[in-house]
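Here you go, one structure.
The values are calculated or read from the model by the stated rules, or taken from the named source; none is laboratory data. Note that this is a predicted model, so its numbers are computed, not measured. Using ideal geometry, Cβ is built from the backbone for each residue, glycine included, and neighbour counts are taken over all protein chains shown.
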Amino acid sequence: MNMSVETMKLATMAALLACSLWSAAALAQSTQGQQTPSAAPGAARSLPNKSSPYQPVKIPKHAKTFYEAYGGVDKLTVRRTASGNLIRFSYRIVDPARAKALGEKNATPYMLGQRSHALLQIPVMDKIGQLRQTGTPEVGQEYWMVFSNKGNLIKAGDRVNVMIGSFHFDGLLVE
């Protein structure tokens with residue numbers, strides 16, 4: 001009787017092993033049939049898009065239209081300099097009458113980091129003065145101003161608000 005119990009155990013184990021091998025082979029064949037020619041083994045897979053679908057990478061079209069009507073400007077860009085100690089805000093004039101307030105020397109520009117809540121100002125050099133362009137705006141001309149980012153408080157990818165007098169440009173992406 002002992003012999004038959006051990007034989008039954010061995011037969012059961014052999015059947016389980018055969019069943020597992022058969023199911024593994026069947027699974028391998030089914031996945032091979034579903035592969036497309038471009039999805040060959042070892043082919044590079046494309047990585048998913050890392051940007052959020054809820055935050056626009058660039059300024060939305062309705063915001064561009066608003067800034068043209070509101071401030072007489074377009075092509076708003078915010079970029080860090082190579083060292084990161086300065087951040088350049090530039091814009092192009094489309095309506096000089098509306099954009100006149102942006103170039104006034106009396107209007108003090110500020111940049112507010114939305115993440116860090118850092119408030120940046122334009123540095124004043126002894127012989128040069130403020131690091132910004134002022135004067136009468138001309139159509140199609142690009143103007144700029146540079147904000148001090150000492151301590152690297154605002155980084156690339158952050159969103160900032162630029163305030164110049166009564167003008168507010170909100171949610172600009174730092175490149």
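Might you let me know whether region 149-158 holds any residue that is of a type in the set (A, V, I, L, M) and in a strand (DSSP E or B)? It would help to see each step written out before you state the result.
As a first pass, look at region 149-158 and keep what is of a type in the set (A, V, I, L, M): 153-154, 156.
This time we only want the ones that are in a strand (DSSP E or B), so: none.
Checked region 149-158: no residue is of a type in the set (A, V, I, L, M) and in a strand (DSSP E or B).
So P96 clears everything in (1) at pLDDT 90 or above; (2) on the phi > 0 side of the Ramachandran plot except one condition, right? Which one?
So the condition that P96 fails would be (2).
Contact list please: Cβ distance under 9 Å, first residue in region 60-74 and closer than 12 Å to G171 by Cβ, second residue among the hydroxyl-bearing types (S, T, Y) and at pLDDT 75 or above, pairs at least six apart or on different chains.
Partner pairs satisfying both residue conditions: Y67/Y91.
Restricting the first residue to region 104-121 and requiring it to be farther than 14 Å from R159 by Cα, which pairs with a second residue that is modelled with pLDDT of 90 or more and in a loop (DSSP other than H, G, I, E, B) meet a Cβ separation below 7 Å and a spacing of at least six or different chains?
Filtered contacts from region 104-121: P109/I122.
Name the single residue that is nearest to A107 (Cα to Cα) among those in region 146-175 being in contact with a helix residue (DSSP H, G or I) (Cβ under 9 Å, 6 or more places away or on another chain) and surrounded by 18 or more Cβ atoms within 10 Å (Cβ to Cβ).
Taking the candidates together, the pick is I164.
Looking at region 148-167, which of its residues are under 21 Å from the mean Cα position of the chain (by Cα) and closer than 24 Å to G103 by Cβ?
Step one: filter region 148-167 for residues under 21 Å from the mean Cα position of the chain (by Cα), giving 149, 152-162.
Within region 148-167, N149, I154, V160, N161, V162 meet the criteria.
Determine whether K105 is basic (K, R), over 20 Å from P60 (Cβ atoms), modelled with pLDDT under 90 and part of a loop (DSSP other than H, G, I, E, B). I'd like the intermediate steps shown before the answer.
On the way: basic (K, R): yes; over 20 Å from P60 (Cβ atoms): yes; modelled with pLDDT under 90: yes; part of a loop (DSSP other than H, G, I, E, B): yes.
Spelling it out, K105 is indeed basic (K, R), over 20 Å from P60 (Cβ atoms), modelled with pLDDT under 90 and part of a loop (DSSP other than H, G, I, E, B).
Within region 59-113, which residues are in contact with a strand residue (DSSP E or B) (Cβ under 7 Å, 6 or more places away or on another chain) and among the basic types (K, R)?
Across region 59-113, the qualifying residues are K64, K75, R79, R80, R88, R92.
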